Structure formats: C-alpha cells, structure tokens
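The values are calculated or read from the model by the stated rules, or taken from the named source; none is laboratory data. Quick caveat: nothing in here was measured; it's all calculated off a predicted structure. Every residue, glycine as well, gets a Cβ built from its backbone with ideal geometry; the counts of neighbours run over all protein chains shown. The area values use the complete protein model at the heavy-atom level, side chains included, leaving out ligands, DNA and RNA. Shrake-Rupley method; radii C 1.70, N 1.55, O 1.52, S 1.80 Å.
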Amino acid sequence: IRSEIAALSGLPVIVKGGVSIKLFPRFAAIINNIEIGSFAAPKTAAMTAATLEVDLSRLAALGNRLKINALRFYAADIRLADDGAGNWLPARMASQLAPAILAEQRSAGALASAPQTGWSIGSVRLTRSRLRFFGTGGLEEDISDADLMLDWPRLAAPLTVSGGGTWRGKPARFSARLQNIIPMAAGNNSAVTFDAESGAARLSFDGFAN
C-alpha cells in the first residue's frame, strides 16, 4: 500500500504508527500516523494524517493483487505548493502521467489504449482536515475543518470534488468538475465547472481552462 501511494503521489511515504486490517463490513487497511512527502520542509507539497483507511478489493486480493478502491484520511494536514509554472501536482506525479498525456496529444484514440488510463484512482475522502495552499507571489490560503470528497475513477474520466470547510473564518462550500484532466495537464483546454460559496460571497465558473 505504501508503494502504491508513493507511486501515485510521487512523494515518499512514511508510516509511523500501527497498521491493522478490517474484514467487515469493508475490507480495509487502517494505517495510523502517516506522512507523505517531507513535511519538515516549509511550503512544499506534503501531508500528514492521524489515520488513513484504505478500502481494498476483495476480488483482487483473492488473485494475490492489490487494488485500492478508496482512501479515507482523518485529521489530515495537506500542503499544496505551486512549482512556479502553475502546476500544483508533485513533479514526479506529472512525469508518471506524461506517457498518457503524450498519447492524448497524438490522438484521442491513443488515450484509451494508454496503460496509465487503466489506473483506478477511485475516491479520496478528507474528514476534519486542513488544506494549505502556497502559490507564487506570496499567495497563501488556509482551509480548516475540511470535509471533502474527490472522485476520479480513472485517468480518462472526469474528476469531481465537493465538500466544505472554514475559509477566512467563515463556513465555505466548494464543488468542481474537470471534464478531462489529461488535456489540461498537457496544456490544452478542457471543460471546467467550479462553484464556491462563503458567507455572502459566491464565485462560479463554467467554461474551459488549461
């Protein structure tokens, strides 16, 4: 599991606590005190979590394979950092996606046959968590008490995010849908919808972005 998360995030994974297995009602691994990335380095992409529950496929386990269906982070502290080129993903994750991105650029049909599109990202749930954003020009934003759901079943499918938290001292709700993240990562346009509401302020976007 640690190797799978490291491959997906492009960051080192350290498990500092205990690990247990839950068989019912969900087949899952329970990991305590996990760190992804170098959290000691300031303003870098990294995260810690008091508990991570990893939902696993029973069918895959019977075939001696590991298939992650969902990740559930509790009391997580997540930092996202801009690399200066407008990219918020860790560099190694972007390099992992590069073959699929290049295939998409060559032809739409090639994307379906790219091995990376077979990855099952599944869903990621954050409960009682904190998100911090560090951008260029001194941009810093902080969302606390976050309860968010990210759903991305495979690379070629839309990515959706929904949930809420506390932003600048006020309750906030967020939702977003990225129709196809692969063209966006390749610098092409993709359909995007975004809606955020905090207090009396509301921000909506429905169009194309890259």
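Things to note:
- Looking across the range 168-210, just one residue is out of contact with any strand residue (DSSP E or B) (no Cβ under 9 Å at 6 or more places or on another chain), farther than 24 Å from I78 by Cβ and surrounded by 15 or more Cβ atoms within 10 Å (Cβ to Cβ), and that is A186.
- Of all residues in the range 153-167 being out of contact with any Lys or Arg (no Cβ under 7 Å at 6 or more places or on another chain) and at pLDDT below 90, the one that is most open to solvent (accessible area, probe 1.4 Å): R154
- The listed residue being in a strand (DSSP E or B) and either at pLDDT below 90 or of a type in the set (A, V, I, L, M) (or both), out of L150, L89, L102: L150
- Hits in the range 51-68 (condition: open to solvent by less than 60 Å² (accessible area, probe 1.4 Å) and closer than 16 Å to I5 by Cα): T51, L52, E53, V54, D55, L56, S57, I68
- Close contacts from the range 140-154, counting a first residue that is polar (S, T, N, Q) and a second that is open to solvent by 50 Å² or more (accessible area, probe 1.4 Å), with Cβ to Cβ under 9 Å and a gap of 6+ residues or different chains, come to S144/R130; S144/W167.
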